[in-house]
Amino acid sequence: MTGTLTTPEITATDRCDRCGAGARVRVRLPSGGELLFCGHHGNAYEARLRDLDATILEGEPVA
């Protein structure tokens, strides 16, 4: 996945919506919703999210 993280940034307290691990990927859905994923789940769902025309943003947590 590639992208530039824009505000709001991922923080150390943000958690993956699938497993609860630290978030590394923010996904903005065309419907306006937003999801956070760890790297593993971001990679696992990338193809489907791209099919949905979601915006995928990566970033390291900010303390």
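Quick note: the coordinates plus some simple rules give every number you see, no bench work behind them. Note that the structure is predicted; figures quoted are calculated from it, not measured. For neighbour counting, all protein chains shown are included, and Cβ atoms are generated from backbone atoms with ideal geometry for every residue, glycine included.
Think of the chain as having a plus end and a minus end, set by charges on the Cβ of Lys, Arg, Asp and Glu; of 44, 33, 12, 44 sits farthest toward the positive end of this dipole.
Where does the chain land at 222 nm, in deg cm²/dmol rounded to the nearest 500, when only DSSP H runs of n ≥ 4 count, each adding -39500 (n - 2.57), divided by all residues?
-6500 deg cm²/dmol
Expressed as an acute angle from 0 to 90° and rounded to the nearest 10, what is the orientation of the C-alpha long axis of helix 39-51 relative to the principal long axis of the chain? For helix 39-51, the angle is close to 20 degrees.
If the segment from residue 28 to residue 55 were pulled out straight at 0.36 nm per residue, it would be longer than the present Cα-Cα gap by 9.2 nm. Counting only the backbone N, which residues of region 27-63 are under 12 Å from the spot 7 Å out from the Cα of residue 19 toward its beta-carbon? Counting backbone N atoms under 12 Å from the label point, the list is 37-45. When Rg and the Kirkwood radius Rh are both evaluated on Cα atoms of the chain, their ratio Rg/Rh stands at 0.93.
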